[in-house]
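Please read the structure below before turning to the comments.
Please treat every number below as a calculation from the coordinates, not as lab data. Just so it is clear, the structure is predicted and the values come from calculations on it, not from any experiment. Every residue, glycine as well, gets a Cβ built from its backbone with ideal geometry; the counts of neighbours run over all protein chains shown.
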Ligand SMILES: [Zn+2]
């Protein structure tokens, strides 16, 4: 294998590692997005409960006011009933009073149900607050992990960049153009591959004996006729 190809193989090793590092950071960023959407959900759930609590509380106050009104009415009529003798008016008032008492019972039942729900909501709000706090902690843990990850990545990438710049100087402009073109076309893919059992390791195509012999000689730079990747014979390849 000629020196230029060797440099290209080394360059690719660095580029592939750098690509994998970037992919790792992307993955971390996505998991952070997951954590922060869980945080948003927890916040929304808490808001719903707080809103329900306020609504029920206001409703209970209305019920209490209505109950008090009906109670006033009932007291007034009870008093008038006492003043009246047995008469048609007495019977009518008695019916009215019964109606008021039924309404009061209905309101009382509704008040009881509302109070019960209010009692339930309080621990639900506490639990929702705890979940929100947990979600918030997950976000900050992941955020600091991500920050650290990005810092580590930047240090490693700087080393890769220095290494790859040095290697790129050893490779012709034309080869670099082809190399970069193939690598951008195939996401995270490779542009220079070894021959394995006389096949291109990139696309598994058989290589013709003529081309294989040229690769073995190593004097020229050869490419796979099928996938256009640069091909080389690994140093430790068994003799053909
Ligand atoms: Zn190929």
Residue 115 versus residue 66: modelled label distance in nm, points set 7 Å from Cα along the beta carbon direction:
1.7 nm
To the nearest 10 degrees, how steeply does helix 3-83 sit against the main Cα axis of the chain, on a 0 to 90 scale?
0 degrees
Restricting to Cα pairs below 8 Å that are 6+ residues apart, what does the relative contact order work out to for the stretch 187-232? Please round to a whole percent.
40 percent
Indicate, rounded to the nearest 5 percent, the antiparallel portion of the DSSP beta bridges found entirely in the chain.
60 percent
What do you get for the angle between helix 173-185 and the principal long axis of the chain? Use alpha-carbon atoms, 0 to 90 degrees, nearest ten.
30 degrees
Nearest 10 degrees, 0 to 90: what angle lies between the long axis of helix 88-168 and the longest principal axis of the chain (Cα atoms)?
20 degrees
Theoretical gain in end-to-end length, residue 43 to residue 75 [0.36 nm per residue, Cα-Cα removed]:
6.7 nm
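Using a Förster radius of 35 Å, what is the FRET efficiency between residue 228 and residue 147 based on their Cβ-Cβ separation? Nearest 0.05, please. Mind dumping the intermediate values first?
Working: r = 40 Å, r/R0 = 1.15.
It comes to 0.30.
Summing -39500 (n - 2.57) over the DSSP H runs of n ≥ 4 in the chain and dividing by its residue number, what mean residue ellipticity at 222 nm do you reach, to the nearest 500 deg cm²/dmol? Present the calculation step by step, with values, prior to reporting the outcome.
On the way: 4 runs with 184 residues, N = 240.
About -28500 deg cm²/dmol.
For the ranges 141-152, 194-205, what's the packing order if you count other beta-carbon atoms within 10 Å of each residue, average per peptide, and put the highest first? Provide the component values of the computation, followed by the final result.
On the way: 141-152: 13.2, 194-205: 16.2.
Highest to lowest by the protection proxy: 194-205, 141-152.
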Across the chain, what fraction of all alpha-carbon pairs, as a whole percent, falls in each successive 5 Å bin from zero upward?
1, 6, 9, 9, 8, 6, 6, 5, 5, 5, 4, 4, 4, 4, 4, 3, 3, 3, 3, 3, 2, 2, 2, 1, 0, 0
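What is the extension gain from residue 82 to residue 213, computed as 0.36 nm multiplied by their sequence separation minus the C-alpha to C-alpha distance, in nm to one decimal? Could you put the intermediate results ahead of the total?
Working: separation 131, 0.36 × 131 = 47.16 nm, distance 12.35 nm.
34.8 nm is the gain from fully extending residue 82 to residue 213.
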Mean-square fluctuation check for the chain, GNM, Cα pairs under 10 Å: which of 35, 166, 74 is largest?
74
Between residue 29 and residue 184, what FRET efficiency follows from the Cβ-Cβ distance if R0 is 25 Å, with the result rounded to 0.05?
0.70
Everything considered on the Cα gyration tensor (a ≥ b ≥ c; rounded for a/c under 1.5, else prolate if a/b is larger than b/c, else oblate), the stretch 63-206 must be described as prolate
